[in-house]
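The values are calculated or read from the model by the stated rules, or taken from the named source; none is laboratory data. Quantities reported herein were computed from a predicted structural model and do not represent experimental measurements. A quick note on method: Cβ atoms are made from the backbone with ideal geometry, for glycine too, and the neighbour counts reach across all protein chains shown.
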Amino acid sequence: MKPDIAIVAGGTCDLSLYKDILADAFIIGADRGALYLAESGYQIDIAVGDFDSVSPSEVEKICKFAKELDRLSAEKDETDLEHAVKRALRLTGVIHILGATGARLDQTVSAINLLKLCHDAYREAYIYDANNRIRLIEGHAVIKKGRYRYVSLIPYGDIMVNVSLKGFKYSGEHITLERKSSLGVSNEIEGDEAEIECRGYLYVFESED
């Protein structure tokens, strides 16, 4: 089995940015994301979706590159991306979700909330776009300094989350982050890594700008 799973959705996505992730991953294309993969010459392990965002000729192109086609009804109770994530959860490995953000803010928020689905399955999962990497944490987490300059912490679920931070520009113990406040936005890691301890769930947004 390949070590990681890469899901490519139909939002804004430049696959050239993710060659390292895609090189050895089990690849799932969700609807138009499968077309992005086919047009870039990637072999798709599973292509899923109702494919209402692609033409019949584009579906034919997807089929040429897909080992398995999981065609869904257009009338369903989940997005194509949610179905792709559920397929990924049957496998092992870290889940990398690409192309989940874009012009449709409703789709973007819905996609980010799917990280809770992965968390509940005890799976490490990330959403990426050109400027950001997003994950959901609970309890303790270590954030290593890398390409991303800023780290923002936003509560998920609970109205307030108690947080202790170490190794950040703005650190401290027993800080209260509230959903109605922007207090956790745009922190920075001072050394090689920083630590987060929280009581509750936090989205961690790592951003370049």
Report summary line: Log entry, pairs with first residue in region 77-96 being without any contact (Cβ under 8 Å) to a residue 12 or more places away in the chain, second being surrounded by fewer than 19 Cβ atoms within 10 Å (Cβ to Cβ) and part of a helix (DSSP H, G or I), beta carbons closer than 9 Å, six or more apart or on different chains, reads GLU78/LYS86
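Looking only at residues in region 81-104 that are among the small types (Gly, Ala, Ser) and in a helix (DSSP H, G or I), which one is surrounded by the fewest Cβ atoms within 10 Å (Cβ to Cβ)?
Top of the filtered list is ALA88.
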Requested in this report: Only residues that are in contact (Cβ under 8 Å) with a residue 24 or more places away in the chain, of a type in the set (A, V, I, L, M, F, W, C) and farther than 21 Å from ARG147 by Cβ: list them for region 161-201, please.
Outcome: VAL161, VAL163, LEU177, CYS198
Report task. Using the structure shown, decide if GLU190 is acidic (Asp, Glu) and within 30 Å of LEU17 (Cα to Cα). Result -> yes
Requested in this report: Check region 105-115 and report whether any residue there is polar (S, T, N, Q) and either more than 30 Å from LEU91 (Cβ to Cβ) or assigned to a loop (DSSP other than H, G, I, E, B) (or both).
Outcome: no
Report summary line: Among ILE62, ILE46, the single one that is in contact (Cβ under 8 Å) with a residue 24 or more places away in the chain, over 30 Å from TYR203 (Cα atoms) and surrounded by 15 or more Cβ atoms within 10 Å (Cβ to Cβ) is ILE62
Query raised in the report: Any idea which residue in region 23-65 is farthest from GLU78 (Cα to Cα), counting only those that are among the aromatic types (Phe, Trp, Tyr) and either outside the structural domain of LYS86 (by TED's automatic domain parsing) or not in a loop (DSSP other than H, G, I, E, B) (or both)?
Result: PHE65
Requested in this report: Kindly indicate the residue of region 145-169 that is over 11 Å from ALA194 (Cα atoms) and assigned to a loop (DSSP other than H, G, I, E, B) and also modelled with the lowest pLDDT among those meeting that condition.
Outcome: ASP158
Report summary line: How many residues of region 170-209 are aliphatic (A, V, I, L, M), out of contact with any Phe, Trp or Tyr (no Cβ under 8 Å at 6 or more places or on another chain) and not in a loop (DSSP other than H, G, I, E, B)? The answer is 4
